[in-house]
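One structure below.
No value in this document is a laboratory result; all are computed from the given coordinates. Because the structure is a prediction, the values reported are computed rather than measured. Here the Cβ is made from the backbone with ideal geometry for all residues, glycine too, and neighbour counts use every protein chain on show.
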Amino acid sequence: MRQQTLAIIKPDAVSRNLIGKIVERIEAEGIKIVAMKMIKMTKEQAKGFYYVHKEKPFYESLTDFMSSGPCVVMVLEGDDVINRYRKLMGATDPAKAETGTIRKEFATDVEKNAVHGSDSPESAEFEIRYFFSQLEIIN
Ligand code: IDP
Ligand code: MG
């Protein structure tokens, strides 16, 4: 089933010049990039994006991190892309991520973990709309 998901290259990975390497991993998987831009979120924008985590102990620190520097946001498209991209990212904690995953290879820490990917069709829809207008997505 053709699906879309929202991917982010987080500020830790952008600052370490890993944009190209991460994009290469996505494309090598046969996943299509149908929208892409660089942004720098304000603290309020990061809080809105991670609203589902507002009760978590890491919410303040996470939203400080996500607004600390530029991110690359992308819409990815393909069959079962939500799960396929989650698999390619690896576990949230890079120490627990499988060999060959983006987080195993590039992330340093459970918070500064290089990439984001939507976890369900509902969150993908919210997250894509959070960053992209219909005009910015190729169809
Ligand atoms: P996910 O990114 O793998 O979907 P979530 O549980 O949705 O993981 O958490 C969102 C983000 O919050 C993570 O990617 C990571 O940056 C951060 N995070 C998650 N758990 C922790 C934690 O225990 N400590 C610090 N930051 C965390
Ligand atoms: Mg998540």
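For the reader, a short list of remarks on this structure follows.
- Amide proton proximity set for Gly78, modelled H, under 5 Å, gap of 5+: Gln3
- Neighbour-count ranking [beta-carbon atoms within 10 angstrom, fewest first] of Arg16, Arg25: Arg16, Arg25
- Relative exposure of Ser118, Ser68, Ser133, judged by other C-beta atoms within 10 Å (fewest first): Ser133, Ser68, Ser118
- Overall, the range 1-105 carries a charge dipole of about 100 debye about its Cα centre when +1 sits on the Cβ of Lys and Arg and -1 on the Cβ of Asp and Glu, all other atoms neutral.
- Label-to-label distance, nm, for residues given as Ile39 and Asn139 (7 Å Cα→Cβ offset): 2.0
- Which of Glu44, Glu55 has the fewest Cβ neighbours within 10 Å, and the rest in rising order: Glu55, Glu44
- Ranking Val75, Ala13, Tyr59 by Cα position along the charge dipole of the chain, where only Lys, Arg, Asp and Glu carry charges on their C-beta atoms, puts Ala13 farthest toward the positive end.
- Computed on the chain, with alpha-carbon pairs under 8 angstrom and 6+ residues apart, the relative contact order is 36 percent.
- Cut-off under 5 Å, modelled amide H: who pairs with Met36 long-range: Val75
- Length available on full extension from Asp93 to Glu24: 0.36 nm per residue minus the Cα-Cα distance, which gives 22.7 nm.
- Shape class for the range 1-128: rounded, because the ratio a/c of the largest to smallest gyration tensor axis (alpha-carbon atoms, square roots of eigenvalues) is under 1.5.
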